[in-house]
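Just so it is clear, none of the values below were taken in a lab; they were calculated from the coordinates. No experiment lies behind these values; they were computed from the predicted model shown. We place every Cβ from the backbone using ideal geometry, glycine too, and count neighbours over all the protein chains shown.
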């Protein structure tokens with residue numbers, strides 16, 4: 001008699017009373033954790049790992065931890081000296097005190113390095129815990145990192161919170177995946193991230209699906225936004241705020257990876273890059289509801305070689321790829337930079 005398989009435990013939702021072990025056992029998007037913080041009355045600022053730790057402590061003890069204050073360079077606790085420091089001209093000999101990625105700092109680096117300068121996650125990591133640095137040290141390290149990146153074999157360090165980026169890198173490092181595309185790597189990531197346990201790439205790991213819903217086995221008839229159309233039979237006509245889709249038979253097909261360049265622009269809730277096409281027309285699929293009053297497309301791809309998941313939304317008859325602070329740090333870009341984007345539809349939403 002064959003031994004019965006133990007079904008995999010389903011991922012619980014982020015609700016009050018959540019088992020703290022499930023918080024670490026499963027993968028959560030930062031926006032999900034932020035929403036959960038609001039529900040619990042816990043501060044929602046900071047990086048993903050900080051937010052995760054804050055929620056974990058609250059679930060275990062009921063204690064609300066304050067946001068961690070991260071100081072780059074030497075701390076400066078005197079408000080008078082801080083004001084004096086902001087008014088002082090930056091030079092190569094200026095000590096790094098409470099570093100800020102603001103326009104004044106950008107102007108200094110641009111004057112020394114040139115217009116190719118941009119803030120990087122590596123520079124932030126270089127400053128952490130160090131109180132003896134000058135702006136000249138930062139210039140030297142930025143230039144050294146730029147030279148290291150010219151070597152195609154060089155792999156910059158990925159922050160611990162960058163599970164997705166690390167998985168994509170490890171996927172392409174596997175000789176068995178030679179010639180595969182980014183969409184193949186993302187599909188593998190999507191399977192692994194829904195399972196309990198560590199989200200790491202392993203060529204020998206076969207994601208089990210016993211006890212889990214097979215989302216790709218058959219298109220849902222009650223969820224037309226997940227369909228693909230080979231020949232749309234008509235235009236999408238919004239009716240009551242909900243897009244009407246063609247009645248043509250859905251057909252699974254590969255979504256083309258779109259590549260373009262654009263400027264990272266501020267002024268939005270998140271920074272954004274203009275997308276030079278209408279996603280609904282290019283991919284023949286209507287926008288989905290992201291939240292009340294906001295429609296758009298879930299997307300994935302790479303920004304200056306850094307993998308990401310985000311959304312494209314419409315504003316003022318244009319389309320914008322939203323770029324949050326974490327992605328800017330990971331990719332080493334900031335407002336005003338010209339960036340290279342590879343973009344495709346995220347079919348798992």
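Before moving on, here are some points about what is shown:
- Residue order, fewest to most beta carbons within 10 Å, for 323, 64: 64, 323
- Annotation for segment 162-188 versus segment 272-325: alpha-carbon center distance of 22 Å.
- Calculated FRET value between residue 35 and residue 57, using beta carbons and R₀ = 25 Å, to 0.05: 0.90
- Potential extension, residue 202-residue 172 segment - 0.36 nm per residue separation minus Cα distance: 9.7 nm
- Cβ-derived FRET efficiency at R0 25 Å, residue 187 paired with residue 294, nearest 0.05: 0.40
- Spin-label model distance (nm) - residue 256 vs residue 128, 7 Å beyond Cα toward Cβ: 4.1
- Annotation: extensible slack from residue 49 through residue 263 equals 74.2 nm (criterion: 0.36 nm per residue apart, minus Cα-Cα distance).
- Simple spin-label estimate for residue 154 and residue 88 gives 3.1 nm between the two label positions (7 Å along the Cα-to-Cβ direction from each Cα).
- For segment 138-174, backbone nitrogen atoms closer than 15 Å to the point 7 Å from residue 113 Cα along Cα-to-C-beta are found at 138-150.
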